[in-house]
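Enquirer: I'd like to ask some things about the structure below.
The values are calculated or read from the model by the stated rules, or taken from the named source; none is laboratory data. Just so you know, these numbers come straight off a predicted model, no measurement behind them. Cβ: placed from backbone, ideal geometry, glycine included. Neighbour counts: every protein chain shown.
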Amino acid sequence: MSGQREPAATTGPASTGRVAAERAVLRLARPYLGRLVGAGLLAAATEFVGLALMATATWLLMSAAGQPPLDRLTVAIVAVRALAISRGVFRYTERLAGHDAVLRMITDVRARVFATLAARRGATHRSGDVLSRLVSDVEAVQDLLLRVLVPASAAAVVGVLAVAVAALISVPAAGALTVGLLVAGVALPALATAVTRRSAAEVAPLRGALATDAIDLTHGAADLAAFGATEGALRAAEQRAHRLARLERRLAATGFAVDAAGVLTAGATAAAVVLAALAADVSGVLVGVLAVGALAAVEVTLALVTAARQWTQLRPGLTRVADLLDAEPPTAPPATGRTDLAGPHELRFVDVTVRYRAGAAPALDGVSLDLPAGRRIAVVGPSGAGKSTLAAVLTGTVRPASGRVTLDGHDLSAYAEEALPRAVGGLLAEAYVFHATVRENLLLGRPAAGEEELIAATAAAGLLDWVQAQPAGWDTVVGEEGGQLSGGQRQRLALARALLAAPAVLVLDEPTEGLDPTAADAVLASALAFTPAGHSVLLITHRLSGLAELDEIVVLDGGRVIQRGRHAELVAAPGWYRDQWLLQTAAERGYLALAP
C-alpha cells in the first residue's frame, strides 16, 4: 500500500561472506569441473582465434598493399579462412559444453533448494519468496558460471597469451600492452563493481516497492476508491517511480562513463604499443599488427567489466541460494503406523484443545467427537467458532496442544504424512484451483479415474452441465486460481475433486459457499448421496438447511461444543441453533420470493 515504507538498503555482508556464498554454490560444480574447464578453454580459444584473425587479416592487407608475389600471401589467405571458420566452431562448441555442464548442475541445485524449502515449509518463507528462490535465485547460479566465470577466465587467458605473442615481436610493446590490459581488466572492473554495488543497494529495494505499489493499485483499486485513498497511493507510487528513474539514469550515466573509459583505454593502449614498437625499430607491417592486436586484446579484456557488473548484481541471489545449500539435506522421516489405509475407518476426538499462540484463547477447547464408519455429522456455529480448525486437526495440518485424535485407535501422528490423505481428506476452506484444465484439476487426488467417474463426480457437484457446454469440455483451461470461473463454478470444481478422490473420511468445509439457496440445497443433497456407503462425512457449514437427514449436528461457539443432537431436536430446543434456523429460514424465504 502507499503507506508502506521502502525496504531499507543494506550494506550487505562482508567480503568474506560474499566469497563464502560463491564457494558454497561452486561446491556443487565439482562433479562437472571437467566440463566447465573445457567450456572455459573453448571460450579462451574462441577469443584468441578472433584476436589471431584480426592480426592475420591486418598483416595480409598491409602486405598486399606492397603488391608482393601471390605465393607470399597464400598462407595468410588460407589462415584467415581457417581462423574465421574455426572461430564459429569454437564458439558453438563452447556454448554447447558450457550450457550442458551448467544445466546439469542447475538440476542438482534446484532439487537441493526445493528439498530444503519443502522441509522448512510454512516456517519462514512466503510463497512469493519460495518462487523467487526456486526461479530467479537459482538462475543467478547459472549466470555466475556462464556470464561471469567462463568469460572472465577466457579474458584472463587471452590477455596473457596476447602479451606473450607481443613480447616475441617487441618487449617494450608488450610492456605497454600489459599496462593497458591491467587497466582494462583490473582497474575498470573494480570501478564498475563499486558503482554497481552502490547503485544496486538503492535501486533493488525501490524496484520491489514499486512492484508492490503496482499490485496494490491494480488489485486494491476498488478499496482505495471507497476510502478516498487513490490519490495518496498514486502520489506515493509516482514519487518512488521518479526516484527510481533518477537512480537508474545515474546508474546509466556512470555505466556509460566506465564504458567510455574502456574505449579510451583501448585507444590509448594501441597508441602506446605503436609508439613503443616504432621506438624499437619494428617493421611497419608488424607495427600495424601490434596496433590491431592490442585493440582486440583490450576489447576481449573489457569483458571483465561486464562480468564484474553481473557478479555484483547476482550476489543477493547467490547469498540466498547459499543459505539453503549450507543447510543439511533434509531426510524424509520413516513412515510409521499402518500403511494400508483402505476404509472404512473410525475417527475420534478426545478432549482436543488447540492454541495458535501461547497465552491466547484456545481455538478448540476440550472438543470430543466420534465419527464411526458410515456416520454423517455436521459442525455448525458462528464465524470464529473453531469449525475450520476442527477440519485442520482432522486432516493432520494442525496438531492439538492437548487431547488425542485417533484413526482406528491409532493417533493421527502415527500415520505417514503422505499416506493420511488417502483416508481423511476432502474439500477444505479456500480450496485452490490450479491454472490447468478441468480434467487435470479433477484428477489431482485420483489420477487413475476414468471418464465415467469424472462424469459422476461433476454431476454430483452440479458442474457437469457447464463442462459439457464448453467447446473444449474436460480440456477447458480454468485460468490462474480458477480466474476463468465464477465463484460458484470454482467451488463446484473443488467439490467435484473432493468427491472424486473419495477418502474414507470425507471432510466438506463450506461445500456450497457462493451458491444461491436453491442450488446449495441441491448440490449438498447430491454430494451426500454420492458418498459411498460405509464412508464417513464431516460437514462444516454455516447454512442449516439440508441437515435434517444427518446423524448428528454439533454446534461450536468459542471453540467449545455448546449443543449437539439431530436437526429436529435442536430446532425444538432453545439456543443458538434454533435462533439461527429461524433467521436463515426467514431470509431464504424472502430471497426466493424476490427471485425471478
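Enquirer: Can you find, within region 341-391, the residue that is farthest from H535 (Cα to Cα) among those that are among the basic types (K, R) and more than 35 Å from the chain's Cα centre (by Cα)?
Expert: If we take residues in region 341-391 being among the basic types (K, R) and more than 35 Å from the chain's Cα centre (by Cα), then R348 is farthest from H535 (Cα to Cα).
Enquirer: Looking at A533, A520, A529, which one is closer than 17 Å to A378 by Cα, surrounded by fewer than 21 Cβ atoms within 10 Å (Cβ to Cβ) and not assigned by TED's automatic domain parsing to the domain that holds A457?
Expert: Answer to the selection: A529.
Enquirer: Here is a further query. When you check L547 against the structure, is it out of contact with any Asp or Glu (no Cβ under 9 Å at 6 or more places or on another chain), surrounded by 13 or more Cβ atoms within 10 Å (Cβ to Cβ) and closer than 26 Å to G403 by Cα, yes or no?
Expert: no
Enquirer: Can you tell me which residue in region 269-286 is modelled with the lowest pLDDT, limited to those that are farther than 12 Å from A174 by Cα, out of contact with any Ser or Thr (no Cβ under 7 Å at 6 or more places or on another chain) and in a helix (DSSP H, G or I)?
Expert: Filtering first and then ranking leaves G284.
Enquirer: Give the residue, chosen from V467, V478, that is more than 20 Å from P503 (Cβ to Cβ), modelled with pLDDT of 90 or more and touching a helix residue (DSSP H, G or I) at 6+ places or on another chain (Cβ under 8 Å).
Expert: After ruling out the rest, the residue left standing is V467.
Enquirer: Continuing with this model, one more query. Looking at the structure I just gave you, is E453 surrounded by 13 or more Cβ atoms within 10 Å (Cβ to Cβ), closer than 27 Å to I540 by Cα and over 24 Å from the mean Cα position of the chain (by Cα)?
Expert: So E453 fits the description; yes.
Enquirer: Could I ask something else about it? Within region 214-233, track down each residue that is loosely packed, with under 15 Cβ neighbours inside 10 Å and either on the phi < 0 side of the Ramachandran plot or aromatic (F, W, Y) (or both).
Expert: A214, I215, T218, H219, A221, A222, D223, A225, A226, F227, E231, G232
Enquirer: Can you name the condition, by its number, that L454 falls short on among (1) under 21 Å from A504 (Cβ atoms); (2) assigned by TED's automatic domain parsing to the domain that holds A527?
Expert: (2)
Enquirer: Residue by residue through region 166-197, note down the ones that are hydroxyl-bearing (S, T, Y) and either within 46 Å of the chain's Cα centre (by Cα) or buried (at least 23 other Cβ atoms within 10 Å of the Cβ) (or both).
Expert: T178, T193, T196
Enquirer: Evaluate region 46-66: report whether one residue or more is farther than 30 Å from D143 by Cα and not in a helix (DSSP H, G or I).
Expert: There is at least one residue in region 46-66 that is farther than 30 Å from D143 by Cα and not in a helix (DSSP H, G or I).
Enquirer: Condition first: part of a strand (DSSP E or B) and either in contact with a strand residue (DSSP E or B) (Cβ under 7 Å, 6 or more places away or on another chain) or not assigned by TED's automatic domain parsing to the domain that holds L371 (or both). Now tell me which residues in region 393-416 satisfy that.
Expert: S402, G403, R404, V405, T406, L407, D411
Enquirer: Failed condition for P574, given (1) modelled with pLDDT of 90 or more; (2) part of a helix (DSSP H, G or I); (3) out of contact with any Leu (no Cβ under 8 Å at 6 or more places or on another chain), with all others met?
Expert: (2)
Enquirer: So for region 239-255 (the condition being β-branched (V, I, T) and either outside any helix (DSSP H, G or I) or free of Cβ contacts under 8 Å to residues at least 24 places away in the same chain (or both)), does at least one residue qualify?
Expert: Within region 239-255 (the criterion being β-branched (V, I, T) and either outside any helix (DSSP H, G or I) or free of Cβ contacts under 8 Å to residues at least 24 places away in the same chain (or both)), the answer is no, since none of the residues qualifies.
Enquirer: Pairs, please: C-beta under 8 Å, at least 6 apart or cross-chain, first residue closer than 14 Å to T397 by Cβ and assigned to a loop (DSSP other than H, G, I, E, B) and in region 424-452, second of a type in the set (D, E) and at pLDDT 85 or above?
Expert: From region 424-452, the pairs are L428/D509; A429/D509; A429/E510.
Enquirer: State whether one or more residues within region 511-522 are in contact with a Ser or Thr (Cβ under 7 Å, 6 or more places away or on another chain), hydrophobic (A, V, I, L, M, F, W, C), closer than 30 Å to D370 by Cα and assigned to a helix (DSSP H, G or I).
Expert: So far as region 511-522 goes, yes, one or more of its residues are in contact with a Ser or Thr (Cβ under 7 Å, 6 or more places away or on another chain), hydrophobic (A, V, I, L, M, F, W, C), closer than 30 Å to D370 by Cα and assigned to a helix (DSSP H, G or I).
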